[in-house]
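All remarks here apply to the structure that follows.
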Amino acid sequence: VWRMRSRQVEKQPASAAWVTGVIWDERRRLAVGRAGYHGPPDASGMVEIGYAVDPAYRRRGYARAALEVLLRRAADEPDVRTVRVTISPDNLASYRLAAQYGFVEVGEQWDDEDGLEIIYEIAAGQP
């Protein structure tokens, strides 16, 4: 992911403010995962988010905190109308988290790295 986003920023410097960053636990001074957008909003105002927590630090609220930060920023950005997340059908934990924030299934896609993904979306700023 880091290499891919690095190449993305080289080609599109404006995407630097949007792409994946570190999930940092300030209290423990520890990197526990990554989270961010796949890039700036597209022409329709859609941003896709992604997050992953190191297995050793899961089930401690880090993914929820990252998702909430990403949703807040999307709500504050005037060019963002829709927030998307794609989740593997067997990733029940991610699905449950997204569902708690109102994400609804809108389709599916094939990802060359991750295989089948279900596409979920929510209107930006939706509670």
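The values are calculated or read from the model by the stated rules, or taken from the named source; none is laboratory data. From a predicted model like this one, the values you see are computed outputs, not experimental measurements. Here Cβ is always computed from backbone atoms with ideal geometry, including for glycine, and neighbour counts include all displayed protein chains. All accessible areas refer to the heavy atoms of the entire protein, side chains included, with ligands and DNA or RNA removed. Shrake-Rupley method; radii C 1.70, N 1.55, O 1.52, S 1.80 Å.
Okay, here's what the table says:
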| quantity | calculated |
| --- | --- |
| Number of positions in region 103-116 that are modelled with pLDDT under 95 and open to solvent by less than 20 Å² (accessible area, probe 1.4 Å) | 1 |
| Test result for residue 51, closer than 21 Å to residue 3 by Cβ and of a type in the set (Phe, Trp, Tyr) | yes |
| Looking only at region 71-86, and only at residues there that are outside any strand (DSSP E or B) and in contact with a strand residue (DSSP E or B) (Cβ under 6 Å, 6 or more places away or on another chain), the one that is surrounded by the most Cβ atoms within 10 Å (Cβ to Cβ) | 74 |
| Where a residue in region 69-84 is free of Cβ contacts under 8 Å to residues at least 60 places away in the same chain and its partner, wherever it lies, is part of a helix (DSSP H, G or I) and surrounded by 15 or more Cβ atoms within 10 Å (Cβ to Cβ), with Cβ under 6 Å and at least six apart | 80/74; 83/74 |
| Test: residue 51 is closer than 21 Å to residue 100 by Cβ, within 16 Å of the chain's Cα centre (by Cα), at pLDDT below 95 and of a type outside the set (Asp, Glu) | yes |
| Close pairs (6 angstrom Cβ cut-off, 6 or more residues apart or separate chains): at positive phi in region 94-109, not hydrophobic (A, V, I, L, M, F, W, C) anywhere | 102/126 |
| Residue in region 87-102 that is open to solvent by less than 70 Å² (accessible area, probe 1.4 Å), assigned to a strand (DSSP E or B) and closer than 25 Å to residue 58 by Cβ present | yes |
| Residue check for residue 68: more than 23 Å from residue 3 (Cβ to Cβ), assigned to a strand (DSSP E or B), acidic (Asp, Glu) and open to solvent by 30 Å² or more (accessible area, probe 1.4 Å) | no |
| Answer residue from region 1-38, given it is among the polar types (S, T, N, Q) and modelled with pLDDT under 75 and is nearest to the chain's Cα centre (by Cα) among those | 15 |
| Any hit, region 43-56, residues being in contact with a helix residue (DSSP H, G or I) (Cβ under 8 Å, 6 or more places away or on another chain), open to solvent by 40 Å² or more (accessible area, probe 1.4 Å) and either in a helix (DSSP H, G or I) or over 18 Å from residue 119 (Cα atoms) (or both) | no |
| Residue match in region 9-16 (condition: closer than 26 Å to residue 123 by Cβ and in a loop (DSSP other than H, G, I, E, B)) | yes |
